[in-house]
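Here is the structure we will look at, set down as structure tokens.
The values are calculated or read from the model by the stated rules, or taken from the named source; none is laboratory data. Fair warning: this is a prediction, and the values are worked out from it, not measured in the lab. A quick note on method: Cβ atoms are made from the backbone with ideal geometry, for glycine too, and the neighbour counts reach across all protein chains shown.
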Amino acid sequence: MKKIIPSRRTEKITYAVRDIVLLADEAARQGREMLYLNIGDPNKFDFHTAPHILERVFQAMRDNYNGYAPSSGIEEARRAITDSARSKGIDRIRDVFVTTGASEAIDICLTALINPGENVLVPCPGYPLYSAIINKLAAEPRPYYLNEDENWQPDLEDIASRIDEKTRAIVVINPNNPTGAVYREEVLRGIVDLALDHNLVVFSDEIYDSLILDDIPYVSTASLNGDLPVITFNGLSKNYLAPGFRIGWGIVSGPERELEDYMEAINKLLRARLSANHPIQWAIKPALEGEQDQLLDARDKLVRRRDITVEMLNAIDGITCVRPEGAFYAFPRLHIEGSDDEFVRELIKDTGVVVVPGSGFGERPGTKHFRVVYLAPEDLLKKAYYRIEEFTRSLKIIKDH
């Protein structure tokens, strides 16, 4: 039998967050103590899904909601998502659908929109799933750069310069993964204006919108202009500390006539894959409308861990770190010789500290970064940062930073 040849559409697909685990596994086999700061899974540490959310899922299973759900999701969940969106100022809501994690919503909405040879503007740095899906669809993920000197805000001039006749959409990730940036309203309004001028859809990924760590206003993109077609993505994984539930959703808002064909294409794909996990969908209403104490506790922990992260990393010669304002990521910059990929690989082998190279998220040419997930308890974070400091001392530092 001949060797099975995979499809060419997989050639450009990478996912640095998971790919780096292969190297970490090798270090662990050598007997090294490992400190994992690479994956944004709060339940790996001292964060827990709220009991009232769990109980509703158990009750749904006991009530035998164990068959297929409607393709767009159960009505109770869709109503709760709609009400939550309206409370954030999103009106002209045209459709709401529940998916297997926000990642499935992203995949479906990109698949329903773009054709081979077209392009979508994606933030750089940004969550690598978008580029992976766009590459799978034989389209172009076209990066626009975030401005590190302006707390990682999107660069509006850079966005404008990258739009052409084949551009179909702009991706906004707010709060941003991997930088933890929270976008200012004036910047979001600039993106909205560009999208309106060029007849583009905006994909607004707001999966961390309840994890704002500083006293700053948060604005949902779709709330700024009801005439703009926006797909807002969210879910239970991050805000509600339940990534293993694999429940997310998309909210379609904007002008009805202009969106009707696109919505039907989305729903064709939703119907073709049957439904998201049925009993877990019953967690959505209690999560969105029930008591929110777990959110307050999570933010308190994350603020302390964020502050430790920024203070300790900025104290290391050869590393600078912009202060994150949301989510649980930091994106420190390296001022060293060699690549960030080399830095991370040697760091893992020498110290057991697992982070992800910045090149896996995209970065401005000529810069080097790595992503830190600061979900771990404070003592583990401090141990990891001491190891990073000791490791970095052995490197040649570029002194003109």
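Summary table below
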{"read-out": "Residues within the stretch 303-316 that are over 21 Å from ASP215 (Cβ atoms), surrounded by 14 or more Cβ atoms within 10 Å (Cβ to Cβ) and out of contact with any Phe, Trp or Tyr (no Cβ under 7 Å at 6 or more places or on another chain), tallied", "value": "1"}
{"read-out": "Candidates ASN135, ASN115, filtered to the one that is part of a loop (DSSP other than H, G, I, E, B) and not aliphatic (A, V, I, L, M)", "value": "ASN115"}
{"read-out": "Unique residue being touching a helix residue (DSSP H, G or I) at 6+ places or on another chain (Cβ under 7 Å), among the charged types (D, E, K, R), under 30 Å from MET34 (Cβ atoms) and in contact (Cβ under 8 Å) with a residue 60 or more places away in the chain when the list is ARG323, ARG299", "value": "ARG323"}
{"read-out": "Pairs with Cβ under 9 Å, 6+ apart, first in the stretch 24-47 and polar (S, T, N, Q), second part of a loop (DSSP other than H, G, I, E, B)", "value": "ASN38/VAL355; ASN43/THR49; ASN43/LEU241; ASN43/ALA242"}
{"read-out": "Any hit, the stretch 209-229, residues being within 21 Å of ALA276 (Cα to Cα) and assigned by TED's automatic domain parsing to the domain that holds ASN177", "value": "no"}
{"read-out": "Flag if GLU206 is free of Cβ contacts under 8 Å to residues at least 24 places away in the same chain, of a type in the set (D, E, K, R) and closer than 23 Å to ALA85 by Cα", "value": "no"}
{"read-out": "Positions within the stretch 263-297 being part of a helix (DSSP H, G or I) and in contact with a Gly (Cβ under 7 Å, 6 or more places away or on another chain), in sequence order", "value": "HIS278, GLN281"}
{"read-out": "Hits in the stretch 355-375 - residues which are over 17 Å from ASN177 (Cα atoms) and either in contact with a Leu (Cβ under 6 Å, 6 or more places away or on another chain) or touching a residue at least 60 places away in the same chain (Cβ under 8 Å) (or both)", "value": "THR367"}
{"read-out": "Check on VAL230, surrounded by fewer than 24 Cβ atoms within 10 Å (Cβ to Cβ), in contact with a strand residue (DSSP E or B) (Cβ under 7 Å, 6 or more places away or on another chain) and β-branched (Val, Ile, Thr)", "value": "no"}
{"read-out": "The stretch 314-361, residues that are of a type outside the set (S, T, N, Q) and part of a strand (DSSP E or B)", "value": "ILE319, GLY326, TYR329, ALA330, ARG333, LEU334, ILE336, VAL353, VAL354, VAL356, PRO357"}
{"read-out": "Where a residue in the stretch 5-17 is under 17 Å from HIS369 (Cβ atoms) and in the same structural domain as SER359 (by TED's automatic domain parsing) and its partner, wherever it lies, is modelled with pLDDT of 65 or more and of a type in the set (S, T, N, Q), with Cβ under 8 Å and at least six apart", "value": "ALA16/SER359; VAL17/ASN38"}
{"read-out": "Selection status of GLU185, at pLDDT 95 or above and over 27 Å from PRO279 (Cα atoms)", "value": "yes"}
{"read-out": "Qualifying residue in the stretch 20-28 (condition: over 30 Å from PRO116 (Cβ atoms), of a type outside the set (A, V, I, L, M) and surrounded by fewer than 19 Cβ atoms within 10 Å (Cβ to Cβ))", "value": "yes"}
{"read-out": "Test: residue in the stretch 26-39 that is among the acidic types (Asp, Glu) and either at pLDDT 95 or above or in the same structural domain as ARG271 (by TED's automatic domain parsing) (or both)", "value": "no"}
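Residues checked against (1) touching a Leu at 6+ places or on another chain (Cβ under 7 Å); (2) part of a loop (DSSP other than H, G, I, E, B); (3) on the phi > 0 side of the Ramachandran plot:
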| residue | (1), (2), (3) |
| --- | --- |
| ILE5 | no, yes, no |
| ARG32 | no, yes, no |
| THR49 | yes, yes, no |
| TYR68 | yes, yes, no |
| ALA80 | yes, no, no |
| ALA85 | no, no, no |
| ILE90 | no, yes, no |
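Conditions (1) under 30 Å from ILE20 (Cα atoms); (2) among the aliphatic types (A, V, I, L, M), marked per residue:
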residue	(1), (2)
LEU259	no, yes
ILE266	no, yes
ARG273	no, no
HIS278	no, no
TRP282	no, no
HIS335	yes, no
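Residues checked against (1) modelled with pLDDT under 95; (2) surrounded by 23 or more Cβ atoms within 10 Å (Cβ to Cβ); (3) over 24 Å from the mean Cα position of the chain (by Cα); (4) aromatic (Phe, Trp, Tyr):
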position	(1), (2), (3), (4)
SER237	no, yes, no, no
TYR240	no, yes, no, yes
PHE245	no, yes, no, yes
TRP249	no, yes, no, yes
PRO255	no, no, yes, no
ASP261	no, no, yes, no
GLU264	no, no, yes, no
ALA272	no, no, yes, no
PRO279	no, no, yes, no
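A quick yes/no check of all residues on (1) under 17 Å from the mean Cα position of the chain (by Cα); (2) assigned to a helix (DSSP H, G or I):
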residue: VAL171; (1), (2): yes, no
residue: GLU186; (1), (2): no, yes
residue: VAL192; (1), (2): no, yes
residue: TYR208; (1), (2): yes, no
residue: ILE216; (1), (2): no, no
residue: ASN234; (1), (2): yes, no
